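Worksheet: the structure to be examined is printed underneath.
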Amino acid sequence: MPPTTADSIWTSPARASDALEVYLLGCVDFDAAMFLQERMINEVQQRSDRYGVLLVCEHPPLVSIGRDGTLSDLLAEPEEFNAREIPIRRVNRGGGTLVHAPGQIAAYLILPLDRLGIGVAEYQQRLTSALIQTAQEQRVTAQPTAEPPGVECRCGQFGWIGSAVQAWTSWHGVFLNVNPVLDAMRLVRSTPGKGRIASMSQQCMLPLPMHRVRESLVRHLADQFGYEDMHPFTGHPLLSRTHRRVVEYV
């Protein structure tokens, strides 16, 4: 019988584990996801094993600005973002400015890189490989991009790496456009000076099931970081949910 959230080894930090706990959270407010990551960073840093956490979710519409982004990346006036009810957040991660919305998978990895024997550069390379392998499994030919880091296809960039490392513990992670509404995505300049923002469904010219891409991404991330044992959960006891209206424009 698979473990429930109440049985999770996460609740017993003293217990040694080399597993990756995967939390499938659904559509989650961005600030709630940041809170969960901060709590889990502290827990992982207190351990001495290879135990890691992967949060997989989608977000209501929001703009996040990483360390390489600026307000000049916004291609619309603040009134446009206010009218669409799209808040703007500055976050301590790598990468530039991104729009998050339903149809985009956000995967946040909290991993002990020192105990995994992985450096920061290699960590980003493995994230890129997981994105490419996930795309190829959906018959989307992808190649890495250097600036901003991520992956692109013939239609444009559809995957981004926005990672961070704190005391050799990773957090933040990757964002993969499966089938979001691209109109809102193009309100920011996330690929400076080149290319377009795209999605996997756009490249395939048909809708892709989110659950299939999500399962593929989780599997390839686990493989890239050497986790043979995965514990999947739905939800998290510390997760606080809010209700927001999503404004769509034709």
*Within region 100-153, restricting attention to residues that are out of contact with any Leu (no Cβ under 8 Å at 6 or more places or on another chain) and free of Cβ contacts under 8 Å to residues at least 12 places away in the same chain, which residue is surrounded by the most Cβ atoms within 10 Å (Cβ to Cβ)?*
GLN125
*Is there any pair with a first residue in region 203-215 that is closer than 15 Å to LEU25 by Cβ and a second that is at pLDDT 95 or above whose Cβ atoms are under 7 Å apart and which are 6 or more apart or on different chains, and what are they?*
MET210/VAL178; ARG214/VAL56; ARG214/ILE105
*Residue satisfying all of: in region 205-242; closer than 26 Å to ALA16 by Cα and among the hydroxyl-bearing types (Ser, Thr, Tyr); modelled with the highest pLDDT among these*: TYR227
*Scan region 26-38 and report the pairs whose first residue is in contact (Cβ under 8 Å) with a residue 60 or more places away in the chain and closer than 12 Å to HIS172 by Cβ and whose second residue is part of a strand (DSSP E or B) and of a type in the set (S, T, N, Q), with Cβ atoms within less than 9 Å and a gap of 6+ or a chain change.*
PHE30/SER64
*Does PHE81 count as closer than 26 Å to LEU36 by Cβ and modelled with pLDDT under 95?*
yes
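Among the residues of region 95-122, write down those that are touching a Gly at 6+ places or on another chain (Cβ under 6 Å), at negative phi and not β-branched (Val, Ile, Thr).
From region 95-122, those touching a Gly at 6+ places or on another chain (Cβ under 6 Å) are 95-97, 107-109, 111; that's our starting set.
Of the ones still in play, those that are also at negative phi are 96-97, 107-109, 111.
GLY96, ALA107, TYR108, LEU109, LEU111 - these are the residues of region 95-122 that are touching a Gly at 6+ places or on another chain (Cβ under 6 Å), at negative phi and not β-branched (Val, Ile, Thr).
The values are calculated or read from the model by the stated rules, or taken from the named source; none is laboratory data. Quantities reported herein were computed from a predicted structural model and do not represent experimental measurements. We place every Cβ from the backbone using ideal geometry, glycine too, and count neighbours over all the protein chains shown.
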